[in-house]
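Visitor: I'd like to ask you about the structure that follows.
The values are calculated or read from the model by the stated rules, or taken from the named source; none is laboratory data. Given the structure is predicted, the values throughout are model-derived calculations rather than measurements. For neighbour counting, all protein chains shown are included, and Cβ atoms are generated from backbone atoms with ideal geometry for every residue, glycine included.
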Amino acid sequence: MLPRIATIFDKILEIIPESLDDDSDIKKFKQSSNSSLIPLIIVGNYSSGKSSFINSLIGSDILPNSDRPITAKVFEIRKSYQPNVSQINFWVKDTVVQINISDNAYTIIQGKESIVDMLPNIEQQFEQINVRNSDTILHMFLKVINQYEGTDNSFTISDLITIKVPFKQGILAESDKQYVIFDTPGSNSSSNKNHFKVLKKALQNMSNGLPLFVSDYTSLDTVDNENLYEELRNIKEIDDRFTLIIVNKADMAGLPKEGLDERQIQQILNQSIPRNLYSEGIFFVSSVMGLGSKNNGQFINDNYDRIFKKSLNEFNNSQSEYYQELYQYNIVPKQLVSRMKENVRRKGNQLIYVNSGLFSIEDEIEVFANKYSAYNKCQQAKLYLEKIIERTDAEISRLKADSSRELKSLQEELERNKQKIIEEVDLKKQTNDKIFEADYTEQMQSKSIDKEKLFSLSHLKDLSDSLYVNARVDFNLDSYEELNNQTNEKLKLT
């Protein structure tokens, strides 16, 4: 459906005003409609175990932990399709820094001169790595970036750090979907006042994101999480109708062995975060155990290693007194329960992965990608198209108003010019009339005749009579008439 929408939209572009060619919403729709990326937006406050959860999705503990929130960076983590090859990209002012990591070495491909102050620490930390591989080196770089940003230094690293790393085992690693994981600092991190702006900018070309809200069991109703939810809902690029609520560290939450009863479930659902975000379900997980199921218990973080070894028997030995199946605590819509249990049964040979709760979460992510992502993408496309239509209508209204104002201005100018021409014609006529009158008088005066040269009628009559008498004498008319009369008499006698 979405490709068809995009095709129709391309035709619509032909009639959209040129002034909207560079409109951000139009560009965003064109880019997002052609994108196959599926963002997984991981949000959660400090101490929720958000980094360990993201590490469990990746299958490597590349994100460093700290005893305090340090940085306001947003990590954009993409799957690398080259085994044992990772990459880090960020900006320092106008310079791109690219670091490639392969096996047991690293190469700074671009921007080395812009991070020269950081290089001694990088070299020192690199030498201290006991087991060098792409994961431990990537972990070291991210740790150095965090530490550098936590002190007063000569340059600032961009708010967005892009990471490419191979995903190891599990549904996300095996999926053909192009997942992009976004890690954002929590709202109770004092140094990250700008983090949601950074996230919004990073999501600007994506439109089908799945939010995963990470919290521990005791923090579902805290003010900090309530504040984080309010910030989340203000990002229009995120559709919180498909949010997964992740209860992390569930193996240490003291949950009842017999499971949650209806009263306990209702108590959970009435808490702030479930009350506002519950839609796809609440999923209980031990991120450390999930991560250990993927990396065979080979951790970079010593604390992860301790927790995993201490709890291993509880997750892979069904005869253990404290055998844990965290997925059994999941609170999901009734129509999803049977599907979840059936999928768990099919993965029964991977006990730690399943019992950690991580399998059910990744399975739900994949379901979202297969079913709801396209729908969500269309919904976001609808949002962009509505914005575009609104902008286009506004532009048309503006152009109409401009045309009306211009027409009115032209009419007023035409009327002014018309009156001006009429006035000029009238003035010219008056001037010409005066000139003509003056010339006529002058010409008439120049052609006047002296009275003495004029003949009266009586004088002319006398003159005529005189000429007639003279002519009769001159032509002997009297003799002629007498002769003529005699001739006529003779003719009569004959």
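Visitor: Can you tell me which residues in the stretch 274-298 are over 23 Å from Thr218 (Cβ atoms) and either part of a helix (DSSP H, G or I) or modelled with pLDDT of 95 or more (or both)?
Guide: Gly292, Ser293, Lys294, Asn295
Visitor: Could you figure out which of (1) among the charged types (D, E, K, R); (2) part of a loop (DSSP other than H, G, I, E, B); (3) at pLDDT below 90 isn't true of Asp61?
Guide: (3)
Visitor: Looking at Ile235, Ile245, which one is buried (at least 17 other Cβ atoms within 10 Å of the Cβ), modelled with pLDDT under 90 and of a type outside the set (Asp, Glu)?
Guide: Ile235
Visitor: Just to check your reading of the model, which residue among Lys377, Lys341 is modelled with pLDDT under 85, assigned to a helix (DSSP H, G or I) and either assigned by TED's automatic domain parsing to the domain that holds Leu277 or surrounded by fewer than 20 Cβ atoms within 10 Å (Cβ to Cβ) (or both)?
Guide: Within the list Lys377, Lys341, the selection yields Lys341.
Visitor: Given the conditions (1) within 30 Å of Ile352 (Cα to Cα); (2) surrounded by fewer than 15 Cβ atoms within 10 Å (Cβ to Cβ); (3) at pLDDT 95 or above, which single one is not true for Ile109?
Guide: (1) is the only condition that Ile109 fails.
Visitor: Let me ask something else. Kindly check whether there is at least one residue in the stretch 180-190 that is at pLDDT 75 or above and either surrounded by fewer than 21 Cβ atoms within 10 Å (Cβ to Cβ) or not assigned by TED's automatic domain parsing to the domain that holds Asn295 (or both).
Guide: yes
Visitor: What number of residues within the stretch 319-338 satisfy the criterion of being out of contact with any helix residue (DSSP H, G or I) (no Cβ under 8 Å at 6 or more places or on another chain) and either assigned to a loop (DSSP other than H, G, I, E, B) or closer than 20 Å to Ser47 by Cβ (or both)?
Guide: Residues that pass the stated criteria total 3.
Visitor: Hey, could you check the stretch 300-328 for residues that are closer than 30 Å to Phe126 by Cβ and surrounded by fewer than 20 Cβ atoms within 10 Å (Cβ to Cβ) and say which is nearest to the chain's Cα centre (by Cα)?
Guide: Top of the filtered list is Asn301.
Visitor: While we're on this one: Out of Ile108, Ile88, Ile163, Ile171, I need the residue that is over 22 Å from Asn301 (Cβ atoms) and touching a residue at least 40 places away in the same chain (Cβ under 8 Å). Which one?
Guide: Every option except Ile171 fails the conditions.
Visitor: Going through the stretch 79-92 one residue at a time, which ones are touching a Phe, Trp or Tyr at 6+ places or on another chain (Cβ under 7 Å) and at positive phi?
Guide: none
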